[in-house]
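Undergrad: There's a structure below that I have some questions on.
The values are calculated or read from the model by the stated rules, or taken from the named source; none is laboratory data. Owing to the predicted nature of the structure, the values given are computational and were not obtained by experimental measurement. Neighbour counts run over all protein chains shown; Cβ positions are idealised from the backbone, glycine included. Ligands, DNA and RNA are stripped out before the accessible areas are found, and what is left, the full protein with its side chains, is counted by its heavy atoms. Shrake-Rupley method; radii C 1.70, N 1.55, O 1.52, S 1.80 Å.
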There are 2 protein chains.
Amino acid sequence: MKKNLFKFKMTPQRMAILNYLKDNKDHPAVEDIYKSIITQFPTISLATVYKNLEMLKNLGMLKELSIGQDKKHFDPNVSPHHHLICKECKKIVDIDVKFDLNIPEHSKKGFEIIGSHIEFYGICPECKKKS
Amino acid sequence: MKKNLFKFKMTPQRMAILNYLKDNKDHPAVEDIYKSIITQFPTISLATVYKNLEMLKNLGMLKELSIGQDKKHFDPNVSPHHHLICKECKKIVDIDVKFDLNIPEHSKKGFEIIGSHIEFYGICPECKKKS
DNA sequence: TTTTTAATTGATAACAATTATTATTTAATA
DNA sequence: TATTAAATAATAATTGTTATCAATTAAAAA
């Protein structure tokens, strides 16, 4: 039989979190995830959700978005992409466009660049309609 | 004499905050600002710093950076520019390079784009030396 | 299958950053 | 100088997140 090389157990709670996040394009905050999972696991603790998200992030299965300084948001899409953020409703939407972000060497200020992320700010169609 | 069209007073505390931020390129967090001002105003309250920063932001004299989800950082440079962020020490450095970030209309998902901001992640020269 | 054990859970306390509240003080105008 | 609305300082409250720990449980070993 296959040995579990990772030192973690597949608990029903963890499974539910993974399942909720799978193909999720909403960039949910921790509370969003919690509120959904608690319908299936009425006793789940918010701390459990936090711990699982931290773990899945460390395993590279999730990316944490630092958009807005308020809450942590998680993205199961770990491949490089950028985001559109609505200034009104704070909705986060993927933008699947590649940009050339090469920095001329003399502008790098000695940094070794590892990655990049663009946040586009604007008004989403729903909020535009309202105003 | 000139009337103050804005409904705010120029207090010594506010002046000190403005002065600290003027030409500041360090993207300080609230506590950094507080720690500096308190040397001149030993009785200043952290809440006063918060309120002033919020006000100056609303007046368009500062920009709030949402880099990292931990603390609020403020930037007196309100003209569009991007940032290099050190993954090790979390230092934030301006990058004065213009990028072409035009999004093809069909990729805008109905958003009206207002602005954009690029975060480049990497290792700063100081941290590179250490490791 | 049963036992063992280390990981995980849930409950809650602790914590850090920020915001709200309020009595007192003060800058700006009359 | 007197008036008054805005600002301050002190502190309580709130929010989001992390730490702690006893009880539980999934997975490896027996």
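Undergrad: Looking at segment B:18-31, can you tell me whether even one residue there is more than 12 Å from the chain's Cα centre (by Cα), farther than 25 Å from residue A:65 by Cα and of a type in the set (Lys, Arg)?
TA: no
Undergrad: Out of (1) within 8 Å of another protein chain (Cβ to nearest Cβ); (2) open to solvent by less than 80 Å² (accessible area, probe 1.4 Å); (3) modelled with pLDDT under 95, the odd one out for residue B:123 is which?
TA: In the conditions (1) within 8 Å of another protein chain (Cβ to nearest Cβ); (2) open to solvent by less than 80 Å² (accessible area, probe 1.4 Å); (3) modelled with pLDDT under 95, residue B:123 misses (3) alone.
Undergrad: OK, next. What number of residues in segment A:106-116 are surrounded by fewer than 16 Cβ atoms within 10 Å (Cβ to Cβ) and touching a residue at least 12 places away in the same chain (Cβ under 8 Å)?
TA: Of the residues in that region, 1 qualify.
Undergrad: With respect to the numbered conditions (1) more than 8 Å from chain B (Cβ to nearest Cβ); (2) within 19 Å of residue B:107 (Cβ to Cβ); (3) not polar (S, T, N, Q), which one is the sole condition not fulfilled by residue A:76?
TA: (2)
Undergrad: Could you list, in sequence order, the residues of segment B:97-120 that are charged (D, E, K, R) and either more than 20 Å from residue B:82 (Cβ to Cβ) or facing chain A (nearest Cβ under 7 Å) (or both)?
TA: Step one: list which residues in segment B:97-120 are charged (D, E, K, R), which gives B:98, B:100, B:105, B:108-109, B:112, B:119.
If the condition is that a residue be charged (D, E, K, R) and either more than 20 Å from residue B:82 (Cβ to Cβ) or facing chain A (nearest Cβ under 7 Å) (or both), then B:105, B:108, B:109, B:112, B:119 are the ones that fit.
Undergrad: All but one of (1) in the same structural domain as residue A:121 (by TED's automatic domain parsing); (2) in contact with a strand residue (DSSP E or B) (Cβ under 9 Å, 6 or more places away or on another chain); (3) of a type outside the set (Phe, Trp, Tyr) hold for residue A:90; which doesn't?
TA: (2)
Undergrad: So, one more: Quick test for you: out of B:50, B:34, pick the one residue that is outside the structural domain of residue B:96 (by TED's automatic domain parsing), of a type in the set (Phe, Trp, Tyr) and within 9 Å of DNA strand C (Cβ to nearest atom).
TA: B:50
Undergrad: Here's a follow-up. Here is a list of conditions, (1) of a type in the set (S, T, N, Q); (2) at pLDDT 95 or above; (3) near DNA strand C (Cβ under 9 Å from one of its atoms), and residue B:4 meets all of them except one; can you say which number that is?
TA: (2)
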